[in-house]
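Below is one structure; the comments refer to it alone.
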Amino acid sequence: MIGADDRKVVFVISDATGETAERMVRAALLQFSDAPVDLRMYTRVRLEEEMRGIVSRAKERRALVVFTVVSTSHRELLRRLCDEADVEAVDLIGTLMAKLSQFLAARPRGVPGLLHSITDDYFRRIEAVEFTVKNDDGREPRALPKAELVLVGISRTSKTPLSTYLAQKGYRVANVPLVLGIPPPGELALVDDERVFGLTIKPEELLRIRQARMRHLGMPDDASYGQRQHILAELAYAQGIFRQHPAWPVIDVTGKAIEETAADIIRIVKDRRARRGESTDDML
């Protein structure tokens with residue numbers, strides 16, 4: 001068993017919140033799951049005496065120092081302090097900023113926190129996409145209460161492409177297929193009704209889509225999946241579930257592009273938040 005003294009130590013130094021650096025380091029450490037690491041965060045570090053103290057502790061612990069500092073003078077100071085103390089160091093932002101400065105023929109603003117404000121949105125989108133992929137087609141019912149949006153509908157009502165599009169906008173989305181005669185997962189009842197959206201489609205359009213899908217997959221022509229009466233029964237079953245939940249907006253996706261349906265959903269979410277007096281500035 002590995003003791004605390006045997007663990008490698010990584011110091012992360014930032015002149016802002018440190019969230020960006022921490023996420024980057026943790027993402028990289030996932031590739032080394034068999035090597036336990038003690039990650040220590042030092043945030044809003046902007047004074048020379050603070051830097052000296054942290055580098056001194058890093059030397060004592062034989063730690064690797066990873067830093068994201070936008071001030072050129074502070075970056076140079078950290079590099080010098082690490083060199084003098086013989087401490088291994090990685091400058092996460094300095095090399096990129098130097099290359100960009102050369103490429104753009106411009107000087108960086110050097111304002112702490114700007115990197116976080118840019119990349120925080122990026123990481124939110126990445127996390128949303130990962131969540132949505134894991135929760136496609138009702139794969140993880142237990143995760144439904146964690147979703148920001150839940151899409152419910154029968155097969156071929158655009159649940160998956162719509163979920164993916166909304167995830168790229170930063171929403172954690174799960175979708176639940178409605179199957180004729182099978183009740184929805186019990187976890188759906190744990191989700192706030194305002195997060196759930198029903199999807200429906202005109203029978204003729206669904207018949208066309210499914211028959212094209214059957215031809216593509218080489219399915220037999222008499223499969224119930226592409227029969228009009230079966231489709232009508234599925235749609236009626238879905239409508240019955242939707243009526244049990246009058247707070248769920250039901251959106252007809254017939255002839256709509258994914259972007260149009262997504263815009264309808266986002267508008268409803270924003271309108272609801274505005275009526276409750278909540279800010280919508282952080283919504284995409």
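The values are calculated or read from the model by the stated rules, or taken from the named source; none is laboratory data. All values reported here derive from a predicted model rather than from experimental measurement. Methodologically, a virtual Cβ is constructed for each residue, glycine included, from the backbone with ideal geometry; neighbour enumeration extends over all protein chains shown. With ligands, DNA and RNA removed, areas are computed over all heavy atoms of the protein, side chains included. Shrake-Rupley method; radii C 1.70, N 1.55, O 1.52, S 1.80 Å.
Just a few scattered comments:
- Residue pairs whose Cβ atoms lie under 8 Å apart, sitting 6 or more positions apart in sequence or on different chains, and linking a residue in region 121-141 that is in a helix (DSSP H, G or I) and open to solvent by 50 Å² or more (accessible area, probe 1.4 Å) to a partner that is among the charged types (D, E, K, R) and modelled with pLDDT of 90 or more, are Arg125/Lys169; Glu127/Arg172; Lys134/Glu140; Asp137/Lys159.
- Check on Thr157, in contact with a Leu (Cβ under 8 Å, 6 or more places away or on another chain) and either at pLDDT below 90 or surrounded by 19 or more Cβ atoms within 10 Å (Cβ to Cβ) (or both): yes
- Here region 45-86 is the region considered, the condition is being of a type in the set (Ser, Thr, Tyr) and closer than 19 Å to Thr20 by Cβ, and the residue that is farthest from the chain's Cα centre (by Cα) is Thr72.
Quick grid of which residues meet (1) within 16 Å of Thr157 (Cβ to Cβ); (2) touching a strand residue (DSSP E or B) at 6+ places or on another chain (Cβ under 6 Å); (3) hydroxyl-bearing (Ser, Thr, Tyr):
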| position | (1), (2), (3) |
| --- | --- |
| Gly218 | no, no, no |
| Gln229 | no, no, no |
| Leu235 | yes, no, no |
| Gln239 | yes, no, no |
| Thr254 | yes, no, yes |
| Glu260 | yes, no, no |
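- Within region 142-159, being part of a helix (DSSP H, G or I) and within 28 Å of Leu207 (Cβ to Cβ) holds for one residue alone: Lys159.
- Take the conditions (1) under 27 Å from Ala143 (Cβ atoms); (2) assigned to a loop (DSSP other than H, G, I, E, B); Gly198 misses just one of them, which is (2).
- Residues in region 208-251 that are outside any helix (DSSP H, G or I) and surrounded by 12 or more Cβ atoms within 10 Å (Cβ to Cβ): Met219, Ala223, Gln227, His245, Trp248, Pro249, Val250, Ile251.
- Some residue of region 11-27 being in contact with a helix residue (DSSP H, G or I) (Cβ under 8 Å, 6 or more places away or on another chain), more than 27 Å from Arg124 (Cα to Cα), buried (at least 18 other Cβ atoms within 10 Å of the Cβ) and modelled with pLDDT of 95 or more: no
- Breaking point among (1) modelled with pLDDT under 95; (2) in contact with a Lys or Arg (Cβ under 8 Å, 6 or more places away or on another chain), for Leu81: (1)
- Taking region 28-64 as the range and being surrounded by fewer than 17 Cβ atoms within 10 Å (Cβ to Cβ), of a type in the set (Gly, Ala, Ser) and touching a residue at least 24 places away in the same chain (Cβ under 8 Å) as the test, the residues that pass are Ala35, Ser56.
- Here region 160-176 is the region considered, the condition is being open to solvent by less than 40 Å² (accessible area, probe 1.4 Å) and outside any helix (DSSP H, G or I), and the residue that is farthest from Ala238 (Cα to Cα) is Gly170.
- Residue check, Gly3 over 13 Å from Asp91 (Cα atoms), open to solvent by less than 70 Å² (accessible area, probe 1.4 Å) and modelled with pLDDT under 85: yes
- Exclusive hit being in contact with a helix residue (DSSP H, G or I) (Cβ under 8 Å, 6 or more places away or on another chain) and under 18 Å from Val269 (Cβ atoms), set Leu190, Leu232, Leu199: Leu199
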